[in-house]
Each structure stands twice: as C-alpha cells, then as structure tokens.
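Colleague: Handing you this structure, nothing more for now.
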Amino acid sequence: KEDGYYNIDCSEQYYACSGSVAYKTSCAAGLFFEPTNNQCLPKEEAPVCGGTFVTRNPLTDNSIGSD
C-alpha cells in the first residue's frame, strides 16, 4: 500500500505503512483509530466505530507573559 495509516475496522490497532513496510501499531488503551483524521479517539467520538466527531476549540491562555 501507499505510505499512510490504515485502520483495522473499529479497533485500537492500525497499520502505519512506510517504504512498502507495514508496521502494526496501537492507540493508547481505550482509544480507537479513526482513519478520517488519523487520530486515536474515544469510541463514542470515532465515526469508524459508529461514533460522532466532537469539535473542540483550541485552548488559549492569554496570561502567559502578562504582568
């Protein structure tokens, strides 16, 4: 396959392909690989598992460097 990440259905495990070599790897415990955005997500947030994406706003901290 082409270089990239490939899911194994609704699973914590997935393949990372690089240079015609496939490496089987896993998400952290309790997370499932979502191929749409190549992230490990909770099952309820992974569409590949029937979940729904949750949109989160980035955290901002304007206090850094303020006096």
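Just so you know, all these numbers are worked out from the coordinates, no wet-lab data involved. These numbers come from a predicted model, not from an experiment. When we count neighbours, we look across all protein chains shown, and the Cβ atoms used for this are built from the backbone with ideal geometry, even at glycine.
Colleague: Quick one: in the chain, what % of C-alpha pairs are over 17 Å apart? Working shown, then result.
Modeller: Numbers: 1100 of 2211 pairs.
Tail fraction, whole percent: 50.
Colleague: Could you tell me which residue out of Ala46, Pro35, Asn7 lies farthest along the dipole of the chain toward its positive end? Charges go on the beta carbon: Lys and Arg +1, Asp and Glu -1, centred on the Cα centre.
Modeller: Farthest towards the positive end: Asn7.
Colleague: Compute, for the chain, the length of the dipole vector about the Cα centre, with Cβ point charges of +1 (Lys, Arg) and -1 (Asp, Glu) only. Units Debye, rounded to 20.
Modeller: For this selection, approximately 220 debye.
Colleague: I want the local charge near Cys49. Using Cβ-Cβ distances under 15 Å, sum +1 for each Lys or Arg and -1 for each Asp or Glu among the other residues.
Modeller: Within the 15 Å Cβ shell, the charges total -4.
Colleague: Using θ = phi - 60° and the Karplus curve 6.51 cos²θ - 1.76 cosθ + 1.60, what whole-Hz ³J(HN,Hα) does each residue of the stretch 5-20 get, with Gly and Pro shown as x?
Modeller: Couplings: 10, 9, 7, 10, 6, 8, 8, 6, 9, 7, 10, 10, 9, 8, x, 6 Hz.
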